[in-house]
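Report on one structure; see the data block that follows.
The values are calculated or read from the model by the stated rules, or taken from the named source; none is laboratory data. Worth saying up front: this structure is predicted, and the values here are computed from it rather than measured. Methodologically, a virtual Cβ is constructed for each residue, glycine included, from the backbone with ideal geometry; neighbour enumeration extends over all protein chains shown. Side chains are part of the model used for accessible areas, which takes the heavy atoms of the whole protein and leaves out ligands, DNA and RNA. Shrake-Rupley method; radii C 1.70, N 1.55, O 1.52, S 1.80 Å.
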Amino acid sequence: RFNYPAGITTGTNGNYYFADVANHTIRRITLAGEVNTIAGLAGTSGTNDGTGDGARFNYPNGAGVDNGGNVYVADSGNHTIRKITPAGVVTTFAGRAGVAGTNNATGNAARFNSPARVAVDGDSNIYVADSANHAIRKISSAGAVTTLAGQAGTFGTNDGTGGMARFNQPFGVAVDGGGNVWVADTGNHTIRKITPGGVV
């Protein structure tokens, strides 16, 4: 059973990972159709880092997987990006639980506002649709957060480069093999493309 599943992605092993939003958990489906909860406790929200069902999430919305099998989660209700290792250990990779904001910084000094989806490229950079900030954020493998495109807190429709572009509640994000980032710009009813040079 699921409760508002969202943000499904595949890992290098062929398994599917997704956020079971209203259950506050991260689930996995194997190629054989077996469903497992890899982190969180169904029906219980919270902020705890921990292992397996000792961790807590708050309406997680999307997941992405790197080449090492680590799962990154847009923990929307907590305004954070979480990391789950292959062993099921959950840490807060960027942002501070319960604190919304716009800061670019490293680790828990960075701030997000209802991040909705994540995507991971081949170099383990993480791209975040930071929905309520109307921006696309990038997190390096070392946890340094920058704003790739848009201006946090300002919505609009503009094409442009980097901070000159505008989005309106972007909700989906994906990255292709050429380094282009694709965005479902939900409030604008459009699909946007961001080149590796930051042109939207």
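For the chain, build the charge dipole from Cβ charges (+1 Lys, Arg; -1 Asp, Glu) around the Cα centre, then report which of Gly156, Gly179, Tyr17 sits farthest towards its positive end.
Checked the options; the winner is Gly156.
Could you sort the peptides 43-53, 120-130 by per-residue average Cβ neighbour count (10 Å cutoff), highest mean leading?
Result, highest mean first: 120-130, 43-53.
How much accessible area per residue does segment 31-163 have, counting only protein heavy atoms and a probe of 1.4 Å, in square angstrom?
With the other protein chains kept in place, segment 31-163 gives 38 Å² per residue.
Quick one: putting +1 on the C-beta of Lys and Arg, -1 on the C-beta of Asp and Glu, what dipole do you get for the chain around its Cα centre, in Debye to the nearest 20?
280
Build a GNM of the chain with springs between Cα atoms under 10 Å: which of Gly163, Gly178, Gly187 gets the top mean-square fluctuation?
Highest fluctuation among the options: Gly178.
Could you work out what % of the accessible surface of the chain is carbon and sulfur, using a 1.4 angstrom probe and leaving DNA, RNA and ligands out of the count?
Carbon-and-sulfur percentage of accessible area, whole number: 49.
Any idea what the relative contact order of the chain is, in percent, if you count C-alpha pairs under 8 Å spaced at least 6 apart?
11
For segment 58-106, evaluate the Debye formula with one uniform point scatterer on each Cα (no solvent term) and list log10 I(q)/I(0) at q = 0.13, 0.22, 0.29, 0.30 Å⁻¹, rounded to two decimals.
-0.29, -0.76, -1.11, -1.14
Compute from the Cα atoms of segment 34-143 the Rg and the Dmax, the latter being the longest Cα-Cα distance, and quote both in angstrom.
12.6, 40
How many angstrom lie between the C-alpha centres of segment 3-32 and segment 46-62?
14
Per residue and in cubic angstrom, what volume does the convex hull of the Cα atoms of segment 84-156 have?
With only Cα atoms used, segment 84-156 gives 88 Å³ per residue.
Would you please report the Å³ per residue occupied by the convex hull of the alpha carbon atoms in segment 123-168?
Roughly 63 Å³ of hull volume per residue.
Below 8 Å, C-alpha to C-alpha, sequence gap of six or more: please give me the relative contact order for segment 100-200 in percent.
With pairs under 8 Å counted, the relative contact order is 21 percent.
Looking at the P(r) of segment 5-97, how many percent of alpha-carbon pairs lie beyond 21 Å?
Taking all Cα-Cα pairs of segment 5-97, the fraction more than 21 Å apart is 17 percent.
If I take R0 = 30 Å and measure r between the Cβ atoms of Ala87 and Thr186 in this structure, what FRET efficiency does the formula 1/(1 + (r/R0)^6) give, to the nearest 0.05?
After rounding, the FRET efficiency stands at 0.30.
Pop the C-beta distance of Ala100 and Asp159 into the FRET formula with R0 = 22 Å and round what comes out to the nearest 0.05.
The formula returns an efficiency of 0.25 here.
Just subtract the alpha-carbon distance of Ala142 and Ser124 from 0.36 nm times their residue separation and send over the number in nm, one decimal.
5.6 nm
Using the Karplus curve 6.51 cos²θ - 1.76 cosθ + 1.60 with θ = phi - 60°, work out ³J(HN,Hα) for each residue of segment 151-167 in order, rounded to whole Hz, and write x for Gly and Pro.
Values per residue, Gly and Pro as x: 10, 4, x, 10, 9, x, 10, 4, 7, x, 10, x, x, 7, 7, 9, 10 Hz.
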